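These notes concern the structure reproduced below.
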Amino acid sequence: MLRKLLALFTLSLLAAVPSFARATAPDALILKLSQEVIESVKADPAIQAGNIARIVDLVDTKVMPHVNFQKMTASAVGRHWRSATPEQRERLQAEFKTLLVRTYAGALTEVKDQTVSLEPFRAAPTDTDVVVQTRVRGRGDPIQLDYRLEKVGDEWKIYDVNVLGVWLVQQYRTSFNQEISQVGIDGLIARLAERNKAART
């Protein structure tokens, strides 16, 4: 659970980053964000107790500004994204975000003595799509977390995360496509809303 949580919170999920040639490179950005999230959790008893409002606030303030969430949602929905209306796209993003936050919220209580380290970063200054590899260490074996980022203008943003060899977006794309084939885009939105509502009770 912790491994998936850290995937979400140091993921989904990065925005205001200087260009590659400046002080903050993609790997330094990932390390900084990871450390800030872990420290925020350690310092907030409400998050450790599973307070959803505090968790959402942490995600919104620390993580979401650094995530290309539209691209993440579009990739998870796959080819069906092109046929979705603007309203459907907005609702898909909102429900997908809520699903991710609520699915992994419980794992925040497990954050205690974890640390994050970077694997050797290999990319050219001209690259606009990179993968940053990290390892989360605590009790037990290190956890593999890899981040896929793209450069948009002078900003780097995360749009996918690999947890122990499984890319998050690809995993959701499989289940989302199955549901859209059965019940359509509105049906998928309704099912996501139902899951999110059930998680609140």
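Taken together, the criteria exclude ARG173 from residues that are touching a strand residue (DSSP E or B) at 6+ places or on another chain (Cβ under 6 Å) and of a type outside the set (A, V, I, L, M). Could you say whether any residue in region 182-199 is assigned to a helix (DSSP H, G or I), at pLDDT below 90 and within 25 Å of GLU39 (Cα to Cα)? Within region 182-199 (the criterion being assigned to a helix (DSSP H, G or I), at pLDDT below 90 and within 25 Å of GLU39 (Cα to Cα)), the answer is no, since none of the residues qualifies. ARG82 falls short of the stated requirement of being of a type in the set (D, E, K, R) and either closer than 21 Å to GLN35 by Cα or in contact with a helix residue (DSSP H, G or I) (Cβ under 8 Å, 6 or more places away or on another chain) (or both).
Whether a residue is surrounded by fewer than 19 Cβ atoms within 10 Å (Cβ to Cβ) and of a type in the set (Lys, Arg) was assessed, and LYS112 passes this test. Inspect region 163-176 for any residue being over 20 Å from ASN68 (Cα atoms), more than 21 Å from the chain's Cα centre (by Cα) and in a helix (DSSP H, G or I) and give the result as yes or no. Checked against the condition, which is being over 20 Å from ASN68 (Cα atoms), more than 21 Å from the chain's Cα centre (by Cα) and in a helix (DSSP H, G or I), region 163-176 yields no hits at all. For region 156-201, a residue qualifies if it is buried (at least 17 other Cβ atoms within 10 Å of the Cβ) and within 29 Å of VAL116 (Cα to Cα), and the qualifying residues are TRP156, LYS157, ILE158, TYR159, ASP160, VAL161, ASN162, VAL163, LEU168, VAL169, TYR172, ARG173. Contact annotation: residue pairs with Cβ atoms under 6 Å, 6 or more positions apart or on different chains, pairing a residue in region 141-158 that is more than 15 Å from VAL130 (Cβ to Cβ) with a partner that is not hydroxyl-bearing (Ser, Thr, Tyr), are PRO142/ARG135; ILE143/ARG3; ILE143/VAL136; GLN144/LEU164. Taking the stated definitions as given, is THR24 modelled with pLDDT of 80 or more and hydroxyl-bearing (Ser, Thr, Tyr)? For THR24, the condition - modelled with pLDDT of 80 or more and hydroxyl-bearing (Ser, Thr, Tyr) - is not met.
The values are calculated or read from the model by the stated rules, or taken from the named source; none is laboratory data. Keep in mind it's a predicted model, so treat the numbers as computed, not measured. Virtual Cβ from ideal backbone geometry, glycine too; neighbours counted across all protein chains shown.
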